[in-house]
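*Asks:* A single structure is presented below for examination.
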Amino acid sequence: MQFLHYKIPWITKHQHRLSKLEIAPTNLHPPKINQPEAIDTLISRLDELAKIYNFTYARASIRNQKTKWGSCSAKNNISLNINLVRLPDQLRDYVILHELVHTRFKNHSRKFWAELDKFVAGSAKELSKKLRKYRLSGTA
């Protein structure tokens, strides 16, 4: 009981914080992704953005990853998550441009973020925060 009374201020504080959170409904069974169509959509957009902004990359692959929206290897191979097709266009483009900028900057330095800001609508860091609200389901 003493422990419980000791923790009451902490519990109250966190209850208040949780009550302020916007609870988004989760779709436990999202619709199936048409994989050939999704692959075509993502590769086409990757090529389009690379051409518009003068980026080059070695190879592209589309995977059903459980923890990453995308990645860029040291050899400039770009991997995109098939679940990107479920995101709003602005966030999909953000992820693709994020990986394209990694072909020039292999880290998340200030220079990387400044470069990314040149290509995205708005602040890249704000888009990164918006992206965190979306979960990877791993169920393409």
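*Asks:* More than 20 Å from Ala60 (Cβ to Cβ) and in contact with a Leu (Cβ under 8 Å, 6 or more places away or on another chain): which single residue out of Leu97, Leu127 fits that description?
*Replies:* Step by step, each of Leu97, Leu127 is checked, and only Leu127 is more than 20 Å from Ala60 (Cβ to Cβ) and in contact with a Leu (Cβ under 8 Å, 6 or more places away or on another chain).
*Asks:* Right, next: State which residue is surrounded by the most Cβ atoms within 10 Å (Cβ to Cβ) when the search covers only the stretch 102-129 and only residues that are charged (D, E, K, R) and touching a helix residue (DSSP H, G or I) at 6+ places or on another chain (Cβ under 6 Å).
*Replies:* This residue is Glu115.
*Asks:* Suppose we filter the stretch 60-104 for residues that are in contact with an Asp or Glu (Cβ under 6 Å, 6 or more places away or on another chain), of a type in the set (A, V, I, L, M, F, W, C) and within 18 Å of Lys125 (Cβ to Cβ); how many remain?
*Replies:* So the answer is 1.
*Asks:* So, in the stretch 52-101, of the ones that are surrounded by fewer than 16 Cβ atoms within 10 Å (Cβ to Cβ) and of a type in the set (Val, Ile, Thr), which residue ends up nearest to Leu136 (Cα to Cα)?
*Replies:* Looking at the filtered set, the residue picked out is Thr67.
*Asks:* Starting from residues that are under 13 Å from the mean Cα position of the chain (by Cα) and assigned to a loop (DSSP other than H, G, I, E, B), keep the ones in the stretch 115-140 and report whichever is modelled with the highest pLDDT.
*Replies:* Top of the filtered list is Arg132.
*Asks:* From Thr41, Thr26, grab the single residue that is modelled with pLDDT under 85 and of a type in the set (S, T, N, Q).
*Replies:* None of the others qualify; the one that does is Thr26.
*Asks:* Next question, about the same structure. Taking the criterion of being part of a loop (DSSP other than H, G, I, E, B), farther than 27 Å from His98 by Cα and modelled with pLDDT under 85, would at least one residue in the stretch 11-20 satisfy it?
*Replies:* no
*Asks:* Counting only residues that are within 28 Å of Pro30 (Cα to Cα) and in a loop (DSSP other than H, G, I, E, B), how many does the stretch 45-102 have?
*Replies:* Final tally of qualifying residues: 8.
The values are calculated or read from the model by the stated rules, or taken from the named source; none is laboratory data. Small disclaimer: the values here were computed from a predicted structure and weren't measured. Note that we place each Cβ from the backbone using ideal geometry, even for glycine, and neighbour counts take in every protein chain shown.
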